[in-house]
Structures are given as structure tokens and as C-alpha cells.
Amino acid sequence: MRAARRFLLALAIALAAGPAAAEDTVRIAVSVRNVVLMPYYFAKDKGYFEREGLRAEIIQIRSNLQVAGVASGELDFMSGVGTAIEAARKGAPLKVLAVLYRAPLFSLVGGAAIKSARDLEGRKVGVSRIGSESHSAALWMLAHAGADAKKVTFIQTGSTIVSMIGLQQGSLDGSVLSPPFSGDMAVQGFKILAKTGDGLESPFNGMATSQERLRARAERVRKSLKALLASFRRIKQDRAGSIEYIRQSFKVGERIAENSYNEIREVMLEDMIMPEERLKKALDGAYTRGEGERGAALGDVVDYSILRSLR
């Protein structure tokens, strides 16, 4: 079974990545191409990785396969820091090196018949995967809005795009979406029922790698972080240029591009570092586990040392 899973993982990465990577190529795993993960795409498209002598391959792959790929060395980095933290708590040899956002960027979007989050009780809500960050966000948003999540049927769609299409076609009554999809649906007349950014604070997206990569390829890790940090800072500073990049790169209108930028800019951290006291509070909270278990030691899952050396 493990051998079969390794084979499938290697095949998925190979199909996504294309030809075999050169020594200076870094493989970065993301779950979907969206505005939330814009710092990676911006860094690649604007040449920030190239300035560090790196060739970046951004590979779309499910979050559970991201963990396996980074831990095995098939992938260099994964963007889902929430997933990485959970995996590290369970013994996976991973370290979070940077955090992009102080809060998840998910919206709970309802169909035509849904007026509030409570109306989703007894109905179907799309999430990318049970146990994923979008599922955890759904649980939080429903509870925050006074709805009973136990009365909601969660449908595992596999991706944000499929969740959006299901909502458009009426096979789903609600879906958990991120920018630009959430903004696009709002423009189409669908109702934004709740947002995680309205009250939840938890590390969301960034850069995680394996302990082995951190030990054996420290310089390449440093260069990768430097490229991402330069991209991140540029996005924060250049509002007009970033909105135009969103419009062109994600093929959306000016209004959706501007709203998407506003959403991510509001929760962007300073230099990709979530203050340790806030990070520890989030790690100890109920959002990421929902089981009331004691949180892991911060040093076991996060290492800001390389990032701090770049400030």
C-alpha cells in the first residue's frame, strides 16, 4: 500500500511538473491557483526566483500529497502551513519557515435560496477535502454565525473551482471559496454569508519544508525564502501594480481584482512572520484541531531563523 502511494505521488508530481528538474529548480506545491497564493506566482512571473539563480516549478497537488511529497523529498516546499503544522504535530519531519497571512482567506458563499449561514443546516456545503483548511474554516464560520455544523452535510469536491461550479449549478447549497472565486461569485449575485478574516486568527499559507531539506540544502532554502519575501513586499507596497497583475494573471475584471487585493492586503503579515505569541495562541486554539488537544511546542513546528536573517 505504501509503495503504491509513493508511486502515485511520484507520478502526480511528474505529470504536474513536466520534465525532470535541474539542480537549481525548486518545486513548490500549492493546492490551487488563486489570488491567495499570488506571492508565489508573482515571484516566478516577475523574476524574483531567477535573481537568486533558481527556477521555480509551482505544482498543483492535493494537500495530503503535499505533505508526503515534501517529507519524501519529491517536493521542496509546500504552501499550506496549516496542513504542515498538523502533520508536524503527528510526527512528520516538517518545519514552517514563513507565514503569509494572519488569518485564513475563506468565505462561506450561499446559493440563491440561502439567506444566512443557519439556512445551511440540513443542506450541502462544498469543501475541498474533509479535514482540509477549507473544511476547518467552514466549521469555524458556521459556529461563529450560530449554525450547527453537525447538521450540515459537507461534500468533498477536490478543489475550490469544483466547489464554485457546484454552487453555480445548484448541486451545492453553499461552498467555501477563496479570492478571486469568492469575489467573482459575489459579483454574480451570490451571498457572502461569513468570512474567516472577520474574527479568526490562524497562520494561513506560507512556506514549509522538510527537516532534511533545511539541513542539507540550507542555502537553496535561504534563496527561495529571499525570492518569496521580495515578492511579498512588492505586493504589499505596489497596490496598483498588484491589482493589474491579478486582473491579467487570473483573467478577472477590475472590480474583482481590486476586491481580491483588498482581501489579501488586509491580512498580510509583516515580512512573513506571525508574531510568536499570536502564533502560539493560534496553535493552542481549537481551530486547527477541533479536539481540544494540547498544542505542540512552537519550536517543533516553526523555524523563522533563516527568514529573520533576511530582514
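Where helices (runs of 4 or more DSSP H) fall entirely within region 129-243, those with at least 1 residues that are within 20 Å of F106 (Cα to Cα) are at 133-144, 160-169, 181-187, 218-237. Within region 38-53, residues that are farther than 15 Å from M78 by Cα and outside the structural domain of F250 (by TED's automatic domain parsing) reach no partner that is part of a helix (DSSP H, G or I) and among the aliphatic types (A, V, I, L, M) with beta carbons closer than 7 Å at six or more positions or on different chains.
Tell me which residues, restricted to region 90-114, are part of a strand (DSSP E or B) and either over 24 Å from A68 (Cα atoms) or among the polar types (S, T, N, Q) (or both). If you could, list the steps in order and put the result at the bottom.
Looking only at region 90-114, we keep the residues that are part of a strand (DSSP E or B), and these are 94-101, 107-110.
Passing the criteria: S107, L108, V109, G110.
So, in region 55-89, of the ones that are more than 19 Å from M274 (Cβ to Cβ), assigned to a helix (DSSP H, G or I) and touching a strand residue (DSSP E or B) at 6+ places or on another chain (Cβ under 9 Å), which residue ends up modelled with the lowest pLDDT? Looking at the filtered set, the residue picked out is S63.
Only a single criterion out of (1) under 15 Å from the mean Cα position of the chain (by Cα); (2) at pLDDT 95 or above is not satisfied by G197, namely (2).
Regarding region 26-36, can at least one residue be identified that is assigned to a loop (DSSP other than H, G, I, E, B), β-branched (V, I, T) and at pLDDT below 90? Checking region 26-36: at least one residue is assigned to a loop (DSSP other than H, G, I, E, B), β-branched (V, I, T) and at pLDDT below 90.
Among the residues of this structure, A257 counts as one that is at pLDDT 90 or above, in a helix (DSSP H, G or I) and crowded, with 18+ Cβ neighbours inside 10 Å. Annotation: D119 fulfils all but one of (1) acidic (D, E); (2) under 20 Å from the mean Cα position of the chain (by Cα); (3) part of a helix (DSSP H, G or I); the unmet one is (2). Looking only at residues in region 279-311 that are basic (K, R) and either at pLDDT 70 or above or part of a helix (DSSP H, G or I) (or both), the one that is surrounded by the most Cβ atoms within 10 Å (Cβ to Cβ) is K280. In a residue-by-residue description of region 208-226, the property of being within 30 Å of A143 (Cα to Cα) and either in the same structural domain as N34 (by TED's automatic domain parsing) or at pLDDT 95 or above (or both) applies to at least one position. Only one entry in I114, I130, I155, I165 is surrounded by fewer than 23 Cβ atoms within 10 Å (Cβ to Cβ), free of Cβ contacts under 8 Å to residues at least 24 places away in the same chain and of a type in the set (A, V, I, L, M), namely I165.
The values are calculated or read from the model by the stated rules, or taken from the named source; none is laboratory data. Source: prediction; values computed, not measured. Using ideal geometry, Cβ is built from the backbone for each residue, glycine included, and neighbour counts are taken over all protein chains shown.
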